[in-house]
Amino acid sequence: MTTNSPFLTVDDLRVHFSTEDGTVKAVDGLSFEVARGRTLGIVGESGSGKSVATQAILGLHSRETAAVSGRITLDGAELTGAPERVLERLRGNTAAMVFQDPLTALSPYYTVGRQIAEPYRKHRGASRRAARERAIEMLAKVGIPNPARRVDDYPHQFSGGMRQRVMIAMALVCDPDLLIADEPTTALDVTVQAQILDLLMELQEEFGSAIIMITHDLGVIAGVADDVLVMYGGRAVERGTVREVLAAPRHPYTWGLLTSMPRLTADVDKELVPIAGSPPSLLTPPPGCPFAPRCAFVDEVGDGRCAAERPALPEGRGAACHLTEEQQRTFYGERIRPRLA
Amino acid sequence: MTTASTAHEGPAGPEEGTGAAGETPPALMTAEGLTKYFPIKGGFPFKRTVGAVKAVDGLDLVVREGESFGLVGESGCGKSTTGRLLARLLEPTAGTITYRDQDISHAGRKELAPIRSEIQMIFQDPYSSLNPRQTVGSIVGAPLEINRVNPPGGREARVRELMDTVGLNPEHYNRFPHEFSGGQRQRIGVARALALEPRLIIADEPVSALDVSIQAQVINLLRRVQREHGIAFLFIAHDLAVVRHFSQRIAVMYLGKIVEVGDRRAIYERPRHPYTHALLSAVPEAELELAEAEDPEAGADAPKERTARRERIRLEGDVPSPSDPPSGCRFRTRCWKAQDRCATEEPPLVRIEGNAEGHMTACHFPEAGTVLLE
C-alpha cells in the first residue's frame with residue numbers, strides 16, 4: 001500500500017487574486033510532493049498562503065478572481081486547467097478536505113448521515129440504503145458512539161469534537177487517496193485535539209492515504225508529519241523531514257517560530273525571542289527574500305544581497321536563504337539552540 | 001477506558017520554594033463560593049426559567065498583590081465568566097468577591113466607580129475590542145477622560161508616553177485601528193489598560209488570536225509590564241504553555257470549578273489531579289525531536305515515530321453540559337480512576353497529603369505526584 005513515488009506533485013504553483021488595490025500574490029512559486037501513506041505538514045502563519053495553495057489543488061478558487069498557474073499532478077493526471085467535471089469527479093472521491101471549522105463546513109439543514117452519504121452516492125452510485133449503511137459504518141469508524149441512532153441527527157446536536165469527527169467521516173467515505181486537513185484541530189480543545197490527531201493517524205495507517213496537514217502549530221507537526229514545508233509570504237522557505245526541520249532547522253524564519261513559542265519544558269526565566277516586525281504585504285512583495293525585512297541575519301550575508309536577490313529553495317532538504325549551509329548550521333548551533341534549551 | 005499507564009511509586013518530593021521564599025504578598029482580590037448561573041428560558045412566551053447553565057459553581061480563589069495568577073481550562077469551563085465576575089461586569093448569583101477588604105459582590109455603579117479605575121481588562125479579539133471610528137489617541141486616552149484624570153504635562157503627552165511603553169510609535173497618535181496589525185492592536189489594548197495605572201489587570205485570552213511570532217512579542221510586553229509596574233494579573237488562557245510562561249500561580253478549571261491550584265512547579269511538574277495530568281499530556285510539543293539534535297540527519301528516514309517522552313493519556317468523550325453537571329466529582333465521567341465514591345461525594349479543594357505549600361487538589365484518588373516534566 002505504501003509506495004514512495006510521489007502521488008501528488010505541485011510544481012511552481014502561483015495563485016494570484018486581482019483586487020481593487022492590485023494583484024495579491026497569495027502563492028508565488030510553490031513546489032512540493034507527497035507520497036502515498038506519507039503526511040506532509042505545511043506550517044505557516046496567517047497569510048503565508050498555506051490554505052490558498054491547497055485549495056488550488058482541488059480547484060476551489062473561483063476562476064473569475066483567482067489566476068492559478070503552475071502544474072498540479074495527482075496520480076499522473078494533470079489538474080491545472082482541468083475542466084470542472086474532471087475536478088468534480090475528484091473532489092470527495094480521490095481527494096477530500098477537512099476544514100477548520102466544522103460548524104460552517106457542515107450544512108445545518110441536513111442530517112449528518114445524509115451529508116456523509118452524499119459523496120458516496122454521487123461517486124459510487126450507491127443506493128440510498130447502501131449509502132446510509134456506509135454512513136453508519138463511517139460514524140462508527142471515527143468513534144462516534146451509537147452511530148445507528150446518531151446518523152439521523154443534525155450537526156447542531158453534536159459537540160465541536162464530534163462535529164470534526166463527522167467531517168472526517170464525510171471526507172473519508174470514498175476512501176480518498178489524498179486527504180487535505182486545513183487546521184483540523186485549531187478550533188478544538190487540547191484533549192479533543194489529541195483525540196482527533198490520533199484518529200487521523202490511525203485512519204491513515206488503515207487506508208494508506210497521503211495527508212497534507214496544514215497548521216500553524218509546530219507541536220502538531222511534530223506529532224503527525226513525516227515531511228515538513230515551512231511557508232512564508234506565499235513561498236516555501238524550508239523543506240525536510242520532520243526530524244530534520246525540528247532538530248536542525250536551517251531558515252531564520254523557522255528559528256524565529258521555534259524561539260517565539262512558549263513550551264512546557266522551557267526555562268521560564270528566559271524571554272521568548274519573537275520575530276521582529278509583521279508579515280509582508282502580498283500586494284507589493286519586496287524584490288529580494290520575503291523574510292529579509294524581519295531577518296536578524298541579513299548582515300551576515302552582506303552586500304544588500306538579501307534585499308536584492310530572491311533565494312531559491314534547493315531540491316530536497318534545504319532552506320531558501322542566502323546564508324551558506326555551513327553558516328546555517330553554525331548560527332543555529334551557537335545562537336538559536338541554546339535559547340531553546 | 002483510557003490508556004494510562006499506572007502511576008509510578010514515588011514520594012511527592014521536598015517542598016519547593018519557587019522564588020516566594022519571603023512572606024506572601026497580601027490578597028488583592030478574593031472570591032469565595034463564587035457562583036454564576038445563567039437562566040435558560042423556555043416555554044411560551046419564553047418567560048419561564050426551565051434550567052440554568054452553571055457557568056461558575058462555587059469557586060474560591062485569591063489573587064495577591066503584584067502576582068500573575070493564571071486560570072486555565074478548556075472552552076466552556078467558566079474561566080471567562082470568572083474573569084467577568086471578578087471585574088464585576090457580571091453580578092454573581094451567590095458567593096462573595098472581596099477587593100482590598102471591600103465586599104464588591106453586589107456593589108452598585110457608584111460604589112464600583114473608584115474601583116473600576118484600579119481593575120482593567122484586556123480582551124482576546126483586538127479587532128472587536130477597539131472602536132473603529134476612534135483614533136488610537138482617543139482610545140488610549142478614554143480612561144483618562146472618563147475618570148477626569150489630568151496627568152502633569154497633559155493627557156496627550158501621557159498617551160504618547162503609554163504608546164511608547166507598549167512599543168507603538170507615538171507619532172501614530174492620530175491613526176485608526178484598521179491601520180494597525182493584529183499584534184499592534186493588542187498593544188493598543190494594553191496601553192489603554194495601563195492608562196490609569198491599575199493594580200489588577202484581567203487579561204482574557206490576550207494572545208490567542210495572534211500568530212506565534214506576534215504572540216511572543218505581546219507575551220514579552222505583558223511580562224515586562226507586569227514586573228516593572230508591579231501590577232497583579234489574572235491571566236485567563238487555554239494554552240498551558242503560555243500560562244506557564246506568564247504566571248507564577250495557576251488554577252486549573254473544569255466545568256465551573258477549580259480542580260487544582262498551586263505554584264508553577266506544583267502544577268506543571270507534580271500535578272495531582274487526573275485532569276491536570278491529562279491536559280498536560282495532550283499538549284502537542286514541538287521539541288520531541290529536539291532532544292535528538294545531536295545527530296539529526298542520521299534518523300532522517302527512520303520509520304514514523306510518534307511517541308513522546310511523556311506518558312500519554314487520552315481522555316475519552318467531551319466535557320458534560322454545564323446545565324446538568326455530573327453528581328459528585330464533575331470530572332468522574334471522563335476519569336480513568338473514578339470509583340463509586342466519586343459519584344456521591346464531591347471532593348473538596350484542599351492541600352492533600354504530599355502536596356507542597358499552597359498546592360491544593362480536589363480529588364479522592366489523586367495521582368502519585370511523580371515528576372512529569374522537567
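Bear in mind that the values in this text are calculations on the coordinates, not laboratory data. Please read these numbers as outputs of a predicted model, since none were measured by experiment. Heads up, the Cβs are rebuilt from the backbone with ideal geometry, glycines too, and the neighbour counts pull from every protein chain shown.
Using only atoms on other chains, find how many Cβ atoms lie within 10 Å of each Cβ of peptide B:241-250 and report the average. Provide the component values of the computation, followed by the final result.
On the way: counts 7, 3, 1, 6, 10, 2, 1, 1, 0, 0.
That average works out to 3.
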Reference-scaled alpha-carbon Rg (2.2 N^0.38 Å with N residues) for the protein assembly as shown: 0.99
Give, in whole angstrom and from largest to smallest, the semi-axes √(5λ) of the equivalent ellipsoid of chain B, with λ running over the eigenvalues of the Cα gyration tensor. 36, 28, 21
Find which of A:L282, A:T324, B:L89 sits farthest along the positive direction of the dipole of the protein assembly as shown, computed with +1 on the beta-carbon of Lys and Arg, -1 on that of Asp and Glu, about the Cα centre. B:L89
If you filter the range A:247-291 for trypsin sites (Lys or Arg not before Pro), then keep DSSP loop positions with at most 16 other Cβ within 10 Å, what is left? A:K270
The alpha-carbon pair-distance distribution computed for the range B:68-247, with 10 angstrom bins and whole-percent values, is 9, 37, 37, 16, 1
For chain A, take the convex hull of the Cα atoms, compute a quarter of its surface area, and give me that in nm², please. 18.4
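What is the range A:167-323 by shape, rounded, prolate or oblate, if you read a ≥ b ≥ c off the alpha carbon gyration tensor as root eigenvalues and call it rounded for a/c under 1.5, prolate for a/b larger than b/c, and oblate otherwise?
Values: a/c = 2.27, a/b = 1.65, b/c = 1.37.
Because a/c hits 1.5 or more and a/b exceeds b/c, the range A:167-323 counts as prolate.
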Cβ charges +1 (Lys, Arg) and -1 (Asp, Glu), total dipole of the protein assembly as shown, debye: 2380
Whole-Hz couplings from phi, Karplus 6.51/-1.76/1.60, listed for the range B:156-167; x for Gly and Pro: 4, 4, 5, 5, 5, 5, 4, 4, 5, 4, 8, x
Just to be sure I understand the curve: with the Debye formula and one point per C-alpha of the range A:247-340, what is log10 I(q)/I(0) at q = 0.13, 0.19, 0.21, 0.25 Å⁻¹? -0.47, -0.96, -1.12, -1.40
Bins of 5 Å from zero: percent of alpha-carbon pairs in the range A:108-173: 4, 22, 34, 25, 11, 3, 0
Hey, got the average number of other protein chain Cβ atoms within 10 angstrom for residues in B:213-222? 6
Cβ neighbours within 10 Å from other chains - mean over A:236-247: 5
Calc'd 3J(HN,Hα), the range B:273-286, phi into Karplus 6.51 cos²θ - 1.76 cosθ + 1.60 (θ = phi - 60°), Hz, glycine/Pro = x, comes to 7, x, 5, 4, 4, 5, 4, 5, 6, 8, 5, x, 10, 7
Which residues qualify? For A:R91, with a placed amide H closer than 5 Å and at least 5 residues away or on another chain, they are none
